[in-house]
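Have a look at the structure below, then the notes.
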Amino acid sequence: MQTIAERLDSARKGIDQAATSAHRPPNSVKLLAVSKTKPVSDIMEAYEGGQRMFGENYVQEGVEKVQELSHLSDIEWHMIGPVQSNKTKVVAEHFDWVQSVDREKIARRLNEQRPDSMPPLNVCIQVNIDDEESKSGVALSELDALVEFINSQKHLTLRGLMAIPKADPSEEQQRATLSKLKEIFDHYHTSLSNFDTLSVGMSSDMAEAIQHGSTMVRIGTAIFGKRN
Ligand SMILES: *Cc1c(COP(=O)(O)O)cnc(C)c1O
């Protein structure tokens, strides 16, 4: 059995290798450790292994962990799961990033509810890149309007895009999806100053995502083991 610290090391090595083979600098890809459903003791193990960025999917669970670990002020907390409008306040008060914003109503509430005492909330727009009916994420036809809206909000900083590509694609589908995403990212990246994040790639497609320009991979299983 490998420890969390050992699996974290392997994940970092995997990122470095994928970046190098894509002719990109290793430090151009950040590692978000996805700790959803895992206990605070697991987060502590990863923290002691040097990890500082953690992602949570469920608001209630995430907020409890943020509060419990509030003495570790150098952790950067990312909300990566769906946020209902009755949960925006508690998210705006506890997280550093929200990667799953996909509509104006949620963005407006996060902006209004971000405390003045905190720095602007970092936001990624989740895009429904494969146009799946069941998936969250803004449709590509509505992306421009949402970019413009978020960019005008004082308490939000628009950092980039997040996507969860379709599971088990063919190689060809995967390449097409990741290339399209990269093209859309580049379009905004060249014109918006803080737009520097393309959050794509999980345990199973990390290398391919890095090959296609991902700047942040979100890894759960490969670090913390299977979830129940
Ligand atoms: C669970 C989850 C991940 C991590 O997935 P793994 O396959 O466990 O690496 C990444 N992103 C999102 C949005 C998730 O919900």
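The values are calculated or read from the model by the stated rules, or taken from the named source; none is laboratory data. Not measured: the values here are computed from a predicted model. Quick reminder, even Gly has a Cβ in these numbers, built from the backbone with ideal geometry, and neighbours come from all protein chains shown. SASA here: full protein model, heavy atoms, side chains in, ligands and nucleic acids out. Shrake-Rupley method; radii C 1.70, N 1.55, O 1.52, S 1.80 Å.
Take every pair of alpha-carbon atoms less than 8 Å apart whose residues are at least six positions apart; their mean separation over the length of the stretch 4-224 yields a relative contact order of 21 percent. Considering only beta bridges that DSSP places wholly inside the chain, some 0 percent are antiparallel. Close amide-amide hydrogen proximity is noted between residue 156 and 121, each under 5 Å apart and 5 or more residues distant or on a separate chain (H modeled in the peptide plane; Pro and chain starts excluded).
So with the 1.4 Å probe, I'd like the accessible area per residue for the stretch 4-224, rounded to whole Å². Each step should come with its number before you reach the end.
On the way: 10400 Å² over 221 residues.
I get 47 Å² per residue for the stretch 4-224.
The fraction of Cα-Cα pairs per 5 angstrom bin, counted from 0 for the stretch 4-224, comes to 1, 7, 16, 19, 20, 18, 12, 6, 1, 0 percent, rounded to whole percents.
Which is the longest stretch in the chain that no exposed loop site breaks, taking sites as trypsin sites (Lys or Arg not before Pro) with a DSSP loop state and at most 15 other Cβ atoms within 10 Å?
Working: sites that count: 52, 154, 166, 226, 227.
The longest such stretch corresponds to 53-153.
Within the straight-line cut-off of under 26 Å between alpha carbons, the lysines reachable from residue 36 are 13, 65, 87, 89, 105, 135, 166, 226, sequence neighbours fewer than 8 places apart in one chain being disregarded. With every protein chain in place and a 1.4 angstrom probe, the accessible-area ranking of 221, 157, 20, largest first, reads 20, 221, 157. Using a probe of 1.4 Å, the accessible surface attributed to residue 172 totals some 140 Å² when neighbouring protein chains are kept in position.
Counting only protein chains, not ligands or nucleic acids, how are 212, 187 ordered by accessible area (probe 1.4 Å), most first?
On the way: 212 40, 187 110 Å².
Largest to smallest exposure gives the sequence 187, 212.
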